[in-house]
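The values are calculated or read from the model by the stated rules, or taken from the named source; none is laboratory data. Every value quoted in this text rests on a predicted model; they were computed, and no experiment measured them. For neighbour counting, all protein chains shown are included, and Cβ atoms are generated from backbone atoms with ideal geometry for every residue, glycine included.
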Amino acid sequence: MRVRFAPSPTGQVHVGNARTALFNWLFARQQGGTFILRIEDTDLERSEARYEAQLMEDIQWLGLDWDEGPDKGGPYPPYRQSDKGQVYLDHAERLIREGKAYPCFCSQQELERQREEAQAAQQPQIYPGTCRNIPPEEAVRRRQAGESCAIRLKIPERPIRFHDIVRGWVEFSNEVVSDLIIIRSSGVAVYNYVVVVDDAEMKITHVIRGDDHLSNTPKQVALYEALDWPVPEFAHLSTILGPDRERLSKRHGATSLANFREMGVLPEALMNYMALLGWAPTGGEREVFSPTELVQEFDLTRVTPSPAVFDFEKLYWLNRHYIKESAPERVAALAEPILLRALELSEPTSEISAWLAHITAALVHSVNKLDELPERAASVLHFYPVAAIGATENQEILAAETSQTVLAAVTAKLEAEAEPLEAAHFKAILKEVQKETGIKGPALFHPVRIALTGQQSGPEFDRLVPLMEEGARLTLSKSVPAVRERLAAFMTILQTR
RNA sequence: GGCGCUAUCGUCUAGGGGUUAGGACGUGAGAUUCUCAAUCUUAAAACCCGGGUUCGAUUCCCGGUAGCGCUACCA
């Protein structure tokens, strides 16, 4: 059992393609087959070498590995199309000799005209077979005379049917499949022919790909048959759509693997989510599958044929799940560059790294994806007392008499405290203030929270206080005030107002 | 235009000739919390339409509609 993922290196790997790669990989891994990476760089204008490297990096990040590919070779090289050369021409000449293909001398302008005519008459646009009946000797003579020609395959005069694992039997009338060009007059082979040759030479047994290739399949089947090669099994995966039910694309925001990685989506979360797009286990009740479990449970025959809308919310739900499951060190390592960027730091000291790890550990449970961390940590990282005092939503709380009492009491008690302040100690102070003033609950906590963070909501003080104290001891591009400093500054501004 | 594919809660899906049509995300409500998040409990929410077949169709068949794809000397 051999399957392949054959992307063209024309940019970042998109989720649609990644899902195709994933299904191929899952199928291979679970059947004990071979997963092959082949670079389809026929379109040299759009292909770039750097994209090829990025492509491999991206799918490795997702957690896929391949057994044969351009980087590691294998028994059926080359694994990069542009390295292939002559083969396509040789097989095409063989087809001509066997009477299964023929040179076509029609000019492109002529073909274009015919197509326009057919379109205007609302007729199917198929090649009328003008050159199909040119006697072979005459064709040979004209070619030798240097007349420019393309090579066309003869499509048999019978319906073409093939089996698809996700859709069952599919049949196309030969009346709608025209004799296709396999070699351009420039001598360059055409995609639909190239894939067949490549897949056959690599002994691919199962072609798992996007359903945009479904209508191409009869042509390819005709090619396999003409070349006397075994027709592989097909599995056409449905399209992934955006919320507007149009094909998912960059228009819909972050849709490439690189995007997801930058956002701080864990690869196993994305893998799990993509697997659920078109596949469900028997019973359909389980949703959470680690990569290993997916390999065990995945079943190609249970893949649904209908298109699926990509739901970021559900992906985030899985991401939250996997973030919580992950070792804190791993999450901290992934979050560090994101936080460093927000702090405008490049080279962290080990103290800063430790602090960032603490921030991450304290806040990560409330985040969909890691890039939300800086925003979530803003109450620690920044301190804008003037803005906090001026903010309309804070007026009511700050104006309350109880708030004035609480803030004055807390500030006074903090004055007497040694630095650094322990979280437990801060809590004890609040407790004392509560006892002495009789103010408790929201009336106690809210003004203090606003004084420290400028906001009415955020992490609990037990988490917040140590992060502020730790940050205050570090040398940063923009310093983080300690708890006492914050309260003192806040009070000063509040009183002078 | 032709051809092909698809159609169950808003979304991903399970199911299948007779079911209270199941689960998950999201949403609403409640509990908890100083607040947000998390968590727990709970609620609302679906078989595209029309014909057949059948005692009975959401399920099988046909047609319609809609969405998507292919229709190239693009990949």
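Before moving on, here are some points about what is shown:
- Residues that are surrounded by fewer than 17 Cβ atoms within 10 Å (Cβ to Cβ), within 24 Å of A:His382 (Cα to Cα) and modelled with pLDDT of 85 or more within region A:405-441 comprise just one, A:Lys427.
- Residue in region A:203-217 that is within 20 Å of A:His14 (Cα to Cα), under 26 Å from the mean Cα position of the chain (by Cα) and in a loop (DSSP other than H, G, I, E, B) present: no
- Among the residues of region A:355-375, those that are of a type in the set (A, V, I, L, M) and either outside any helix (DSSP H, G or I) or in contact (Cβ under 8 Å) with a residue 40 or more places away in the chain (or both) comprise A:Ile359, A:Ala362, A:Leu363, A:Val364, A:Val367, A:Leu370, A:Leu373.
- Contacts under 8 angstrom Cβ, first residue in region A:301-327 being under 23 Å from A:Leu241 (Cβ atoms) and in a loop (DSSP other than H, G, I, E, B), partner more than 6 Å from RNA strand B (Cβ to nearest atom) and polar (S, T, N, Q), 6 or more apart: A:Thr304/A:Ser238; A:Pro305/A:Ser238; A:Ser306/A:Ser238; A:Pro307/A:Ser238; A:Phe310/A:Thr255
- Of all residues making up region A:184-213, the number that are of a type in the set (A, V, I, L, M) and more than 8 Å from RNA strand B (Cβ to nearest atom): 8
- Region A:171-195: number of residues that are touching a helix residue (DSSP H, G or I) at 6+ places or on another chain (Cβ under 7 Å) and over 26 Å from A:Ser107 (Cα atoms): 1
- Members of region A:162-174 found to be near RNA strand B (Cβ under 10 Å from one of its atoms) and touching a residue at least 12 places away in the same chain (Cβ under 8 Å), listed by number: A:Asp164, A:Val166, A:Arg167, A:Val170, A:Glu171, A:Phe172, A:Ser173
- Where helices (runs of 4 or more DSSP H) fall entirely within region A:42-152, those with at least 3 residues that are near RNA strand B (Cβ under 9 Å from one of its atoms) and out of contact with any Leu (no Cβ under 8 Å at 6 or more places or on another chain) are at A:108-120.
- A:Thr205 being over 18 Å from A:Gln81 (Cβ atoms) and crowded, with 18+ Cβ neighbours inside 10 Å: no
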